[in-house]
Amino acid sequence: MWNPRLASKERTRTWGTRRTTPIRVKRQVIVSVPDRKLVVMQNGAVLRVFEVAVGADVSPSPSGTFEIVRRLTEPTYYHAGVVIPAGDDNPLGPRWVGLNRKGYGIHGTNAPRSIGKAASHGCIRMRNRDIVQFFAMVSVGDTVEIHGQRDEQIAEIFGGQVSEPTEVAQAEASSTGAAGGQ
């Protein structure tokens, strides 16, 4: 039986007077690297779109399908002998949503001006107020798709055109005699 007091992403079953564990509807997170946007979806419907920062050219965000495996509130940052506790100076911001690819996740930031840019070490960065909202919307087990190029699915969700793969565009330029880089 559905219980309206539970969050919209949860449902519960009741047999007699005994209540069981809520049944959680899985959500899907889709990230468009070229658009610098992240969308949370449920049953094919867009729940929320967020602007994000993605990996810089030297450390791109990985493309593929991943799973959320960890959620941390007020995370501690660890990197090459540096430890930064939770707080204003922490580059992870107030939340960490870890993926099943070691070292990669979706998190807040101490550099809010990086949002909308290719600026991270490969993770997906969000404004701190946005990561708090996002964190409440997702759970361990939800899927995260990171798209490095605009495909039909991304064009449908975010609007705009499908982009041609870079390799195809370069191959066409070579075959037509267009100038290449030297």
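The values are calculated or read from the model by the stated rules, or taken from the named source; none is laboratory data. What you see is a predicted model; the values in this text were computed from it and never measured. We place every Cβ from the backbone using ideal geometry, glycine too, and count neighbours over all the protein chains shown.
Quick look at the numbers
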{"read-out": "Residue tally, condition at pLDDT below 95 and either under 16 Å from the mean Cα position of the chain (by Cα) or buried (at least 18 other Cβ atoms within 10 Å of the Cβ) (or both), over segment 12-31", "value": "1"}
{"read-out": "Boolean, Gly122 is surrounded by 17 or more Cβ atoms within 10 Å (Cβ to Cβ), in contact (Cβ under 8 Å) with a residue 12 or more places away in the chain, small (Gly, Ala, Ser) and assigned to a loop (DSSP other than H, G, I, E, B)", "value": "yes"}
{"read-out": "Extreme residue, surrounded by the fewest Cβ atoms within 10 Å (Cβ to Cβ), among residues of segment 32-48 that are in a strand (DSSP E or B) and within 13 Å of the chain's Cα centre (by Cα)", "value": "Arg48"}
{"read-out": "Residues satisfying the stated conditions in segment 49-86, i.e. under 22 Å from Phe134 (Cα atoms), touching a Phe, Trp or Tyr at 6+ places or on another chain (Cβ under 6 Å) and either of a type in the set (Gly, Ala, Ser) or in a strand (DSSP E or B) (or both)", "value": "Leu72"}
{"read-out": "Residues of segment 29-51 that turn out to be more than 17 Å from Arg101 (Cβ to Cβ) and in contact (Cβ under 8 Å) with a residue 12 or more places away in the chain, as a count", "value": "16"}
{"read-out": "Test result for Lys102, modelled with pLDDT of 90 or more and within 22 Å of Arg48 (Cα to Cα)", "value": "no"}
{"read-out": "Search result, residues across segment 52-81 that are crowded, with 19+ Cβ neighbours inside 10 Å, over 18 Å from Gln153 (Cα atoms) and touching a residue at least 40 places away in the same chain (Cβ under 8 Å)", "value": "Val52, Ala53, Val54, Gly55, Ser61, Ile68"}
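Table: residues versus (1) under 20 Å from Ser32 (Cα atoms); (2) at pLDDT 95 or above; (3) charged (D, E, K, R).
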| site | (1), (2), (3) |
| --- | --- |
| Ile106 | yes, yes, no |
| Asn110 | no, yes, no |
| Ile115 | yes, yes, no |
| Ile124 | yes, yes, no |
| Gln133 | yes, yes, no |
| Ile146 | yes, yes, no |
| Glu172 | no, no, yes |
